[in-house]
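Enquirer: Okay, here's the structure, questions in a sec.
The values are calculated or read from the model by the stated rules, or taken from the named source; none is laboratory data. Every value quoted in this text rests on a predicted model; they were computed, and no experiment measured them. For neighbour counting, all protein chains shown are included, and Cβ atoms are generated from backbone atoms with ideal geometry for every residue, glycine included.
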Amino acid sequence: MLPYKNLIIVDKHDKTPVYRQISLQFIDLIQDGKLLPGTKLPSTRALAEDLQLHRKTIVAVYEILVSENWLDNLPRKGFQVSETLPVVRPRTYQKTISPFAGIGSFEFDNRDVIQFPLIPESTKNLIINDGFPDTTLLPYKILTREFRRALDRVTTINDLHYIADKPNLKSSLRDFLHTTRGIDFGIENLFITRGAQMAVYLAASLILKPGDKVVMSEPSYIIADAMFEKLGVQIIRVPIDQHGMRTEVLEDVLKEHDIKLIYMIPHHHHPTTVTMSTQRRSHMLELIKTYKSAVIEDDYDYDFQFKYDNYLPLASGDHGGNVIYVGSLTKVLGTPFRLGYMIATQEFLAAVMKLRLVIDIRGDLVTERAVAALIDNGDLIRHIQKSNKVYAKRCTILCRLLDKEMKQYLTYRKPTGGMAVWVVFKPQFELSKIARYAKENGLSIKSDFYFNGKYSHYNAFRFGFASLDEAKLKRAVAILKQAVEHFYPSDEI
Ligand SMILES: Cc1ncc(COP(=O)(O)O)c(C=O)c1O
C-alpha cells in the first residue's frame, strides 16, 4: 500500500475544493505509473483516517474518479485503478522504469580486479572444480544435531558484538589447532573470521599502504593477486619450484627492497599444490628474524594431508610474532559454511577487530557454537580423517589415469594432500582450445583462468579430484584425452 498520507497533500488555502485537489493528485499518481491498473485503493474510511478528512470528502473523490473512468468500483472488491484508463493527458501509463535500471551518475572503482566469472555456469556437463570438498561426505545428522542445539540456545545469545569475548569456539579451536598444528598460542591470539579470505584481507590491509612492496610466489593464488592489486601495492614475485618458494631468491629480494609483507602458502600451495620443504622452512624462519617483515601464512588446506609425517606450519616455529597464521574450516565443513581464523599477536588482533567491525559487526554465533561442539566431541577430527582416506584414494586414481592416458601431453606432481592436482600442459598443446572442445563434449574445467586471459601462459589448471568419484574421474580424463586427440592426433605427435 502506498503511503497516501505523504503522497497526497491538501492545501486548505487553495481555492480548488479539497475533493478536487485529492482527485487530481490521484490522477497524477496514475499517470506517473505509481498506481498501476488493477491496484486496489484503500477503503474510503481508511483513507479518510489517513488524511484526517471527513469520509464524505473521500467518497466524493472516488465518485468523481469513477465517473471520469480513472477508477472502477467493483462489487466485493471496492475501488481499484481502472484496467482501461482514459487517454487524457497521457504520460506513462506503463510500469515505471526502476531507478536502479540506469547506471547512476557517480564514479566508482570498476577495475577488473578479478578476471574470471565468479558465478558458476549452469551446465549439465561434468565439472572439474579447482579443489572443492565432497559435500556428500559431510556427517549431516551430526551437523543437524549441533546446529539445532545451537539454535535452541539462540535466545541466550546476547553477546553478539565482537568486543564481547566468545570463548566457546575460541577455546575449542585453540585446542584443535594446538593438537593438529603444534602452534603455541592463547585464545587472546585467535580471531574468528568468515573464512580465510577475509582474514588475509584484514591482515594485508592493516599492514600495507598503497605503493608498499609485497612478495608473493610465482605463480600464485589469483584472488590474493587481485586483492593486492586492489590495495594498490607493488607485487614482487618469487618463483616456486618442487620445494616451495625459492627462499634464496627471496633473500636477494629482501636485501634489495623494503618489503612490508610476504604472502605465502607453504602447504599445498595454490595453485601448484607444492608443499615447502623443511630446509626452506628453516631458511624462511631465519629470513623473518633477519629482515623482520610481516608474513601472512595462508594455510587454507592444512587439514587435508594424506601422510602422517606432516610439516608443521611456520607459525609453530620461532618467528618472533611476525607470522600471521590464517586458516579455514570452510573446506573441512564444506563450501556452504563460512568459518576462518587468524592467529597473531594480541596487539595486531586488536587492530584487526576494529577493522572488521567496520565491514561486519557480528560473527555467526550459531555456526560458531555448532562447530565448537563438533570439535569438542571429536566429530570434526573424525570427519577430516574419513575425508582424507577418500581423497587420498581419489588422488591416486587420478594420477594413475593421467600417467596411463595423458602422460605425453602434460606434466604434474602428485600432491601430498589437498584436493587438486596442478596439471600443466606442454606448450605445444594449447589448453584453451582443448578445454573449449571438452566443454562442447560434456566436460567443463572451472579454473579456466589459468589458460585464458591474463594467466594463459601457465597453460595449466587445477584438477580438483576430491569431489569426483572413480567413475567421474575416468569420464573426465577420457573426455579430456579425446579433446586433445581431436587437435593433436597421437600418430602425429
Ligand atoms: C590459497 C587460498 N587462500 C584462501 C582461500 C579462501 O578460503 P575461505 O573459503 O576459507 O575464505 C582459498 C580458497 O580456496 C585458497 O585457495
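Enquirer: In region 1-35, how many are in contact with a strand residue (DSSP E or B) (Cβ under 9 Å, 6 or more places away or on another chain) and surrounded by fewer than 16 Cβ atoms within 10 Å (Cβ to Cβ)?
Expert: 1
Enquirer: Shifting gears a bit: Output the qualifying pairs, or none if there are none: Cβ atoms under 8 angstrom, residues six or more apart or on different chains, first residue in region 320-349 and more than 16 Å from ALA204 (Cβ to Cβ) and part of a helix (DSSP H, G or I), second residue among the acidic types (Asp, Glu) and near the ligand (Cβ under 10 Å from one of its atoms).
Expert: LYS331/ASP301
Enquirer: Here is a follow-up. When region 426-448 is examined, which residues are found to be within 19 Å of LEU126 (Cβ to Cβ) and hydrophobic (A, V, I, L, M, F, W, C)?
Expert: Within region 426-448, LEU431, ILE434, ALA435, ALA438, LEU443, ILE445 qualify.
Enquirer: Specify the residue that is nearest to the chain's Cα centre (by Cα); the eligible residues are those in region 205-225 that are assigned to a helix (DSSP H, G or I) and within 12 Å of the ligand (Cβ to nearest atom).
Expert: The residue in question is ILE223.
Enquirer: All but one of (1) assigned to a loop (DSSP other than H, G, I, E, B); (2) among the aliphatic types (A, V, I, L, M); (3) at pLDDT 95 or above hold for LEU118, so report the exception by its number.
Expert: (3)
Enquirer: For region 139-176, which residues satisfy the criterion of being in contact with a strand residue (DSSP E or B) (Cβ under 9 Å, 6 or more places away or on another chain) and modelled with pLDDT under 75?
Expert: LEU160, HIS161, TYR162, LYS166
Enquirer: Separate question: Among the residues of region 378-389, is any in contact with an Asp or Glu (Cβ under 6 Å, 6 or more places away or on another chain), more than 16 Å from the ligand (Cβ to nearest atom), not assigned by TED's automatic domain parsing to the domain that holds PRO266 and not in a loop (DSSP other than H, G, I, E, B)?
Expert: no
Enquirer: Can you tell me which residue is farthest from the ligand (Cβ to nearest atom) among those in region 267-294 that are of a type in the set (A, V, I, L, M) and farther than 17 Å from ASP252 by Cβ?
Expert: Only one residue fits best here, namely LEU285.
Enquirer: Tell me which residues, restricted to region 450-471, are farther than 14 Å from GLU430 by Cα and crowded, with 16+ Cβ neighbours inside 10 Å.
Expert: ARG462, PHE463, GLY464, PHE465, ALA466, SER467, LEU468
Enquirer: Could you please find all residues in region 440-492 being among the basic types (Lys, Arg) and more than 18 Å from LEU402 (Cα to Cα)?
Expert: Residues satisfying the conditions are LYS446, LYS454.
Enquirer: Residues of region 300-332 being within 10 Å of the ligand (Cβ to nearest atom) and touching a helix residue (DSSP H, G or I) at 6+ places or on another chain (Cβ under 8 Å), which ones?
Expert: TYR300, ASP301, VAL326, GLY327, SER328, LEU329, THR330, VAL332
Enquirer: If THR367 meets every condition in (1) at negative phi; (2) among the polar types (S, T, N, Q); (3) at pLDDT 90 or above; (4) within 16 Å of the ligand (Cβ to nearest atom) apart from one, which number is that one?
Expert: The number of the failed condition is (3).
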